[in-house]
Every structure is written in C-alpha cells, then in structure tokens.
Amino acid sequence: MNLVTIWPKEFTLASWDFMMYRPDLWKSFFLTLGTTVIGTILALLVTALLAYPLSKSEFRWGPVIMIGVVIAMIFKAPLVPYFLTVKGIGLYNNPLVLIIPHILNPFNLIIMRTFFKQFSKELEEAAFIEGCGYFRMLFQFVLPLSKAVLATLALFYGVVLWNQFQHPLMFLQDTNLFPLQIKIRQFITDDNILVTGAVSTAGLAYNERTLRATTVIFAMIPVVAVYPFLQKYFVKGAMLGSVKG
C-alpha cells in the first residue's frame with residue numbers, strides 16, 4: 001500500500017542503462033545529429049545568400065521574388081504533387097531527404113532579409129570603393145555582425161531538422177535510415193522492438209513504460225542543452241527581424 005508517491009521509493013537508472021546499450025538507438029541518434037548539424041549550416045548559408053540580395057533596393061527583381069516567397073509561405077504545396085516531385089528527383093529512400101527539403105524556409109528568409117536591411121549603406125559603399133565585392137561584403141562584414149539572427153534561425157532550422165517526422169515517414173522505407181523520431185515511434189508502438197535484447201521485463205527495475213519515457217527524454221536532451229547558449233541571441237534576433245522594415 002502507498003508505494004506510489006511523487007518521489008520514487010527506489011531511484012534507479014536501470015532503464016537508461018538498458019537503452020544506452022541499444023545500437024539501433026545510437027545509430028538513429030547520430031543520423032539525426034548529422035542531418036541536423038549539416039542541414040542547419042546549409043540552410044543558413046542558402047538563406048543568407050538569397051536574403052542579402054533581396055535586402056538591396058537596387059536589386060530590381062527583389063520585389064517579384066519576394067512576392068513568390070510570400071506565396072510559398074502562405075500556400076503550401078499539395079501533398080501528392082510534393083511527394084511525386086521529391087521522389088522524382090531521387091530522394092525517395094535517400095537520407096538526403098532529411099536535409100534538402102528543409103534548407104530554405106520562406107519565413108526564415110523574410111526574417112534574415114529584414115535584418116540585413118538595417119546595415120548602413122554608407123558602410124557598404126565605403127567597402128565597395130575599397131574594392132570589396134558582394135560576396136566578400138557578405139561573408140567578411142555582414143554575417144559576422146549578424147550573430148543574433150544567425151543564432152535565431154539556427155535554432156528554428158535545428159529544431160525542425162531534429163524533430164522531423166513526416167518526411168522520413170513518407171520517404172524512407174529502409175529501417176537503417178530511420179531518424180531518431182521514427183525510432184522513438186517504433187519504441188512507443190511496438191513492445192517487441194522496445195525490449196529487444198531482454199528476455200522479459202518481469203522482476204527487472206524497468207518496464208515498457210519506463211523505457212518509453214527514457215527514449216522520449218533522450219531525444220529532448222540535446223535541444224534543451226543547446227537552447228540556453230542561444231537564448232541571449234534568440235529574442236534579439238527575432239525582434240529585429242520582425243519590427244524593422
């Protein structure tokens with residue numbers, strides 16, 4: 001009687017000890033980690049390369065492209081044509097499908113474009129007089145002064161890449177390519193996969209429920225660990241990108 005309390009009677013890490021020796025869990029973890037890191041870097045690079053020229057009033061095609069960006073943000077592609085397009089370019093059952101469809105987000109592009117518009121034209125004109133080109137201006141002057149918006153968008157892109165579920169569910173059939181979120185879904189819905197390697201959970205210090213809770217917390221820890229380091233840039237970058245014209 002009265003064995004269930006808020007604080008556990010006998011604290012144990014048995015569930016963690018069991019799950020940390022699962023090679024399939026670590027394989028999915030490192031796949032998700034790699035796609036998140038590589039995808040975030042590529043997404044920031046592509047977004048910056050498009051946002052910088054769009055922030056210039058002298059770029060006459062800028063307004064037309066921005067209309068297309070806004071339309072792409074408001075009206076999402078229908079699911080079936082989107083699936084056929086992605087499959088048609090060879091991304092079906094391809095790990096690159098975890099990265100390529102996410103390297104440009106219209107909302108993030110608008111935030112970065114708006115942030116870039118704050119830079120002084122006089123400073124850029126002085127750099128151009130000294131022989132500085134657009135690419136050098138972007139990578140040596142603009143981006144080093146844009147840590148706030150880069151950190152903000154890195155968090156946006158990183159969370160999407162880390163938590164993606166629909167894309168791998170639609171486009172990946174090979175279980176060796178399953179990212180962490182799909183692997184967690186398998187653990188939650190299939191007890192046989194969850195307790196692989198254990199003859200029975202009877203008499204042990206863990207059961208199927210504690211193992212499920214362990215995998216969910218395991219997937220949350222990296223994002224929770226990174227967020228405090230980006231928090232100081234997060235609010236500043238989001239506000240600057242949203243209120244400046």
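The values are calculated or read from the model by the stated rules, or taken from the named source; none is laboratory data. Computed from a prediction, not measured in an experiment: that's the story for all the values here. A quick note on method: Cβ atoms are made from the backbone with ideal geometry, for glycine too, and the neighbour counts reach across all protein chains shown.
Which of the following residues is at pLDDT below 85 and not in a loop (DSSP other than H, G, I, E, B): L204, L230? One residue alone meets the criteria, L230. Scanning the range 139-153 for residues that are within 17 Å of S120 (Cβ to Cβ) and not β-branched (V, I, T) gives Q140, F141, L143, P144, L145, S146, A148. If you check V80 against the conditions, is it hydrophobic (A, V, I, L, M, F, W, C) and either in contact (Cβ under 8 Å) with a residue 12 or more places away in the chain or buried (at least 16 other Cβ atoms within 10 Å of the Cβ) (or both)? When the stated conditions are applied, V80 does not pass them. L45 satisfies every condition listed in (1) at pLDDT below 90; (2) within 21 Å of F116 (Cβ to Cβ); (3) of a type outside the set (D, E, K, R); (4) loosely packed, with under 14 Cβ neighbours inside 10 Å except (1).
Report yes if N163 is more than 17 Å from the chain's Cα centre (by Cα) and either closer than 27 Å to R185 by Cα or at pLDDT below 85 (or both), otherwise no. Judged against the criteria, N163 is not a match.
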